[in-house]
Amino acid sequence: MYCLGIESTAHTFGCGIVSFDGKILVNERAVYTSPDKGMIPEEVRKHHLENADKVINNAMQKAKLSWKEISLISFSQGPGLSPSLIVGKNKAIELAKEHDKPIIGINHCVAHLTIGNLVSGFKDPVYLYVSGVNTQIVALQNKRFRVFGETLDIGLGNALDKFGRNAGLGFPAGPKMEELAKKGKYVEFPYSVKGMDVSFSGMVNKAQQLLKTEKIEDVCCGFQETAFAMLCEIAERALAYTGKKELLLIGGVAANKRLNEMLGMMCEARGIKYKIVPMEYTGDQGVMISWQGLLEFKAGRKDNLEVDIRPYERTDDVDVIW
Ligand code: ATP
Ligand code: FE2
């Protein structure tokens, strides 16, 4: 038995197929890109409409499955851009009707967390989620995923990209800054941690000022060392507070080797198991939607064909019933 999951919250239209016992078969996607990396909702909607059938058909073909073998259709209900969410929802309803399958709408952010458990084998970690937009510390407590800490302004990925754009590094700047930082020496940056929250916009301003007097390699080194130390501090605090024994790093910034080294050292010193979600499953994709659909379906939930999108649903709105 298999679930076909559809992702369409933002730039990615994805389709993933996973078996009921957690075997991942395919992860197909088409990603909307624009030269300035902005997202015009109407353009994204058009992109998804144009690519939906192709992505789903490719997934079915690569999985070598017939529709008889699909037992469930899941889709991203939110949070996200309404015009693109609607494309995924309509496609899911259309397929559920056509092939007479149960349907389930799920929360995209929760799926980012639970796919991490599937691919890492972790049961109950503290999640450090560091992507473009998001910088969050999340953990399960009393049957909800609670956001224990987050950025008070911009996500770390966006902060790196913002500095990089001004410094002429192009987009995305994270990987380029990582390379430059290896050749640099530390310069001081403002360190901004409040409880389990962090803030990065002051660092972007500081980095721009420093560029006038310091080498770019040194600015990148100081920026990274400071931002990553802040993440280590809030992760350590969340681990101490929750008493959990696993730390899972999610999001595009997880590609950074220095961040991994620093988190690894912190975890080793505390006797905490530490893993990173592989890049294939850390960005937006259909596999995580499929797996989350399965978890909730197996726990007894399903929707009817009148199911709608939930563009503003938060991670901690979802009852963890699985
Ligand atoms: P969302 O918008 O949902 O938060 P996203 O698509 O913006 O997600 P991801 O694809 O998870 O984000 O991550 C992209 C970010 O990761 C970019 O900001 C990029 O600069 C950053 N990044 C990628 N590789 C590295 C690296 N090696 N070091 C630091 N940052 C990196
Ligand atoms: Fe996402």
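The values are calculated or read from the model by the stated rules, or taken from the named source; none is laboratory data. Everything numeric in this text was worked out from a predicted model, so none of it was measured. Here the Cβ is made from the backbone with ideal geometry for all residues, glycine too, and neighbour counts use every protein chain on show. Side chains are part of the model used for accessible areas, which takes the heavy atoms of the whole protein and leaves out ligands, DNA and RNA. Shrake-Rupley method; radii C 1.70, N 1.55, O 1.52, S 1.80 Å.
List of remarks:
- Theoretical ellipticity at 222 nm over the chain - DSSP helices of four or more residues, -39500 (n - 2.57) apiece, nearest 500: -14500 deg cm²/dmol
- Kirkwood Rh (inverse of mean 1/r, distinct Cα pairs), the chain, angstrom: 20.4 Å
- The slack between residue 240 and residue 255, meaning 0.36 nm per residue of separation minus the straight C-alpha distance, is 2.9 nm.
- Nearest 10 degrees, 0 to 90: helix 201-210 Cα axis against the chain principal axis: 40 degrees
- Descending by average beta-carbon neighbour count within 10 Å, the peptides 66-73, 288-295, 215-222 line up as 288-295, 215-222, 66-73, the highest first.
- Across 59, 299, 92, mean-square fluctuation computed from a Gaussian network of the chain (C-alpha pairs under 10 Å connected) peaks at 299.
- The C-alpha atoms of the chain define a longest principal axis, and helix 156-166 lies at about 60 degrees to it.
- Counted charge near residue 253, where neighbours are those whose Cβ lies closer than 11 Å (Asp, Glu -1; Lys, Arg +1): -1
- Probe 1.4 Å, protein heavy atoms only - accessible area per residue of the chain in square angstrom: 44 Å²
- The chain: angle of helix 216-242 to the longest principal axis, Cα-based, in degrees nearest 10: 60 degrees
- Counting only protein heavy atoms and a probe of 1.4 Å, the accessible surface of the chain is 51% carbon and sulfur.
- Contact order relative to length of segment 54-134, as percent, for alpha carbon pairs under 8 angstrom and 6 or more apart: 28 percent
- Within segment 123-281, the proportion of Cα pairs with more than 26 Å between them is 23 percent.
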